[in-house]
1. I need the Debye-formula profile for the chain: one equal scatterer per C-alpha, no solvent, reported as log10 I(q)/I(0) at q = 0.13, 0.16, 0.21 1/Å, two decimals.
2. Which whole-number percent gives the relative contact order of the chain, counting Cα pairs below 8 Å spaced six or more residues apart?
3. Given a Förster distance of 30 Å, report the FRET efficiency between Val31 and Arg56 from their Cβ-Cβ distance, rounded to the nearest 0.05.
4. Normalized C-alpha radius of gyration of segment 29-70, against 2.2 N^0.38 Å?
5. Tell me, what is the per residue accessible area of the chain in Å², probe radius 1.4 Å?
6. Between His17, Leu48, Ser66, whose Cα lies farthest towards the positive end of the dipole of the chain when Lys and Arg beta carbons carry +1 and Asp and Glu beta carbons carry -1, centred on the Cα centre?
7. Label points 7 Å out from Cα along the Cβ direction at Leu41 and Phe7: separation in nm?
8. Mind checking Rg over Rh on segment 1-42, alpha carbons, Kirkwood formula for Rh?
Amino acid sequence: MISECVFALERACVASHRLEHVCREFELQKVCYIPLNIFLLSPLHRLLHYRQILDRLCKHYQPTHSDYSDCR
């Protein structure tokens, strides 16, 4: 879903020079240290990373462990 938003933003920037200008102006500000599309994708990347960590943790827990169900 997030990737669809990023693709939609890219298509909208191509279609609208004003939107492209606004996005580029935002990216040039000191507070924006990465491109806007990467900024939108970062939360998704974190969620996938957290999922991998929890999957690995579950491999070390027995199903009877008190934290197993929370990690699943």
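The values are calculated or read from the model by the stated rules, or taken from the named source; none is laboratory data. Source: prediction; values computed, not measured. All Cβ positions, even for glycine, are placed from backbone atoms using ideal geometry, and neighbour counts span all protein chains on display. These accessible areas exclude ligands, DNA and RNA; they are computed on the full protein's heavy atoms, side chains included. Shrake-Rupley method; radii C 1.70, N 1.55, O 1.52, S 1.80 Å.
1. Taking Cα atoms of the chain as identical point scatterers yields -0.56, -0.67, -0.89.
2. On the way: 30 pairs, mean separation 16.1, N = 72.
It comes to 22 percent, rounded to a whole number.
3. FRET efficiency, Val31 to Arg56: 0.30.
4. Details: Rg = 16.3 Å, N = 42, 2.2 N^0.38 = 9.1 Å.
Ratio of Rg to 2.2 N^0.38 Å for segment 29-70: 1.79.
5. Values: 6270 Å² over 72 residues.
Per residue, the chain has 87 Å² of solvent-accessible surface.
6. It is Ser66.
7. For Leu41 paired with Phe7, the spin-label model returns 1.3 nm.
8. Values: Rg = 10.3 Å, Rh = 10.6 Å.
For segment 1-42, the value is 0.97.
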